[in-house]
Amino acid sequence: MQLLEYFYDRNNDIVNYHQRKFNLPDADKTLLYGSPASGKTSLVLDYLMNYDPELTLYIDFQDPKFQFRDMLEEDVEGFVEANEIEILVLDHYEHEYFETFPKVKKLIVISSTYYKYEDNFTYLHLPLLDYEEFFSFQKRGTEKQIFNLFFKQGTLPQLARQTTPKELLFINFIKSHFNESEQKLLSVLANFNGATVTTYQIYTYAKERYKISKDLIYRQIKSFQERGIITFIEEFKSPKQKKLLFFDFALAKYLTLTQGFQRQFETMIALSLTKHNIHFKAFGISGYITHLNHLIIPAPFESEEIFWKKTHKRFSSYRKSNIEKVIIVTINAQYEFKIENIKFEALPFYEWVVINDEE
């Protein structure tokens, strides 16, 4: 009960919060989930500021006071009833910690992983920032300047308005969210970001660099997938092959020397498709094909003349794949042309992301 008193009396006010484009649903039970540092806690704490603090109870299972203490659901339920709590928040919650959830008017569970509950839960996935959100965080700057900043800083919300060197924030983020073994695996996975790779190839590469068992690395990779750290994208022409996508292109560059500009740009585009809920598959080395048979090709610096020449060499492949439209994502170039019945349109990244919702 002393632990519950501590959380009840704790000051959870949040300052300088920048509104995301996501809002908590008006539901009796909500699971808010997403990758580490996606801003889940901040979103909820900002939400709680609209309510009388005496009617809310926020419990953080990552608090160090839990290290030598347990909490029973009947104790929470009794505390909720005695203090007439209306909103209960369980942050950094490990699924099935409680056999049954305490009864309360409104329950919000925050976790890094998705879990399907049998009860009538509403689910909200909170991703890292997309470009539009990052743009809204900025107080000044031209489109080009903000794009350059986005490319350098990445998609972690805490970096969008920070003046501290990103390297310091990256290392703090890594140390606070991953154990020593997971930190090593992060560097390995970042090395393969944007590459077609199998779990066994990742294991082989990792064991040559540090001591790790096959079972452990397979478990860690599965956990990283569940937490949204990595995603494997199916190859359109060879479904058994998968391309690895790291959850933040700037962090991947920080962790390894293999992430050049082109690879970062490709990852930026893939992450944008993911965050706009567009279903897509990898198409060759650097392209992505959507469910509408639109082919997205990252070509940051290619001129219209160069791309035209390359297109004629690849056109038979596009036609065989039933491509209906080709979108070339560039840094600044903008042009369009048509070959037979396929339209080719080049757009700067910051214009292309605006029309993503139309895909």
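Couple of notes before you dig in:
- Neighbour counting of Cβ atoms within 10 Å sorts the residues Arg69, Arg161, fewest neighbours leading, into Arg69, Arg161.
- Anchor Lys214: aspartates and glutamates whose Cα lies under 16 Å away (excluding residues fewer than 8 positions away in-chain): Glu182
- Placing dummy labels 7 Å off each Cα toward the beta-carbon, the span from Lys105 to Glu5 is 2.5 nm.
- Mean-position separation - Cα centroids, the stretch 200-258 and the stretch 12-77, in angstrom: 30
- Three-way shape label, the stretch 270-359, alpha-carbon gyration tensor, a/c 1.5: oblate
- Two numbers describe the Cα atoms of the stretch 32-162: Rg and Dmax, which are 17.9, 56 Å.
- Volume in Å³ per residue [convex hull over Cα atoms, computed for the stretch 244-316]: 106
- What you get for the chain, charging only the Cβ of Lys and Arg (+1) and of Asp and Glu (-1), is a dipole of about 2560 debye around the Cα centre.
- Contour excess over end-to-end distance, with Cα ends at Phe68 and Glu86 and 0.36 nm allotted per residue: 3.7 nm
- Simple point charges give the picture: +1 on the Cβ of Lys and Arg, -1 on the Cβ of Asp and Glu, and for the stretch 270-359 a dipole about the Cα centre of about 500 debye.
- The residues Trp352, Trp308, when put in order of fewest to most other Cβ atoms within 10 Å, stand as Trp308, Trp352.
- Centre-to-centre, using Cα atoms only, the stretch 272-303 and the stretch 102-118 are separated by 34 Å.
- Per DSSP, loop trypsin sites (Lys or Arg not before Pro) in the stretch 207-240 with at most 12 further Cβ within 10 Å: Arg209, Lys211, Lys240
- Cβ-derived FRET efficiency at R0 41 Å, His18 paired with Thr196, nearest 0.05: 0.65
- Taking the inverse of the mean reciprocal distance over all distinct Cα pairs, the Kirkwood hydrodynamic radius of the chain comes to 22.6 Å.
- Stokes-Einstein D (µm²/s) once Rh is taken as the Kirkwood radius of the stretch 129-177 over alpha-carbon pairs, at 37 °C in 0.692 mPa s: 293
- Helix-only [θ]222 nm of the chain, DSSP H runs n ≥ 4, -39500 (n - 2.57) each, per residue, nearest 500: -11000 deg cm²/dmol
- Those lysines that a straight Cα-Cα span of less than 27 Å connects to Lys65, excepting residues fewer than 8 apart in one chain: Lys29, Lys40, Lys103, Lys105, Lys106, Lys175
- Per-residue Cβ neighbour counts within 10 Å put Thr155, Thr41 in the sequence Thr41, Thr155, beginning with the fewest.
Bear in mind these aren't lab numbers, they're just calculated from the coordinates by the rules spelled out. Only a predicted model underlies this, so the values are computations on that prediction, with no experimental measurement involved. Neighbour counts are summed over all protein chains in view; Cβ atoms, including those assigned to glycine, are modelled from backbone coordinates with ideal geometry.
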